[in-house]
Amino acid sequence: MAIDDDITFLERVPTLSLLGRQALRILAIGAETRYIHSGEVLFKRGEEADGAYVIQDGRFKLSSNDGDELTVGPCTLLGEVALFSETRRPATARALEPSTVLRIPRFLFVRMLDSFPEAARKLREILAARLDQATREISNVRAVLDAHEPK
């Protein structure tokens, strides 16, 4: 893909779309394209994560140790947390068909945010809203569990 095609593609990825075209240009130039064969593992649960992947083509099955599975496809950002901090992969990602991903290393993403403070601000707002929503959902679950706890 040409750089402009990669930028247009990245604009379709929900988390990345709010960064703006110039910030996405940096990511598109620095991202690494990887081709993954059907059945090949992209990453394993527990591995150190130094960046994220955006699925361009194909589908992946994400599997955790507790048996949960999820199938994801194009425009999915895998490993979003690894763009911001050192972490480990929470699941294994295996290609269900021949697939193409863009790998975005953490150092590139952080450098891009340093260069585009408005993009960083927008991203911070979105992530704060998600964290707030997750906290409310956990509180709701806790309230339900507490209500059903034997007295």
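The values are calculated or read from the model by the stated rules, or taken from the named source; none is laboratory data. For clarity, every value in this text was computed on a predicted model and none was experimentally measured. Counting neighbours? That spans all protein chains shown, and the Cβs are built from the backbone with ideal geometry, glycine included. Just the protein is used for accessible areas: all its heavy atoms, side chains included, with ligands, DNA and RNA removed. Shrake-Rupley method; radii C 1.70, N 1.55, O 1.52, S 1.80 Å.
If you stretched the chain out fully between residue 131 and residue 8, how much longer would it get, using 0.36 nm times the residue separation minus the C-alpha to C-alpha distance?
Stretched fully, the residue 131-residue 8 segment lengthens by 41.5 nm.
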Rough spin-label spacing in nm, given labels placed 7 Å along Cα→Cβ, for residue 63 and residue 114: 4.0
For a label point 7 Å along the Cα-to-beta-carbon line of residue 33, residues of region 102-120 with backbone N under 12 Å: 102-103
Accessible surface of region 16-151 [probe 1.4 Å, protein heavy atoms]: carbon and sulfur percent: 53
Label of the coordinate-derived value, P(r) over Cα pairs in 10 Å bins from 0, in percent, listed as [x] 11, 35, 33, 15, 5, 1, 0; [y] 11, 43, 37, 8, 1; [z] 12, 44, 33, 10, 0: [x]
Stretchable slack from residue 48 to residue 15, in nm (0.36 nm times residue separation minus alpha-carbon distance): 9.7 nm
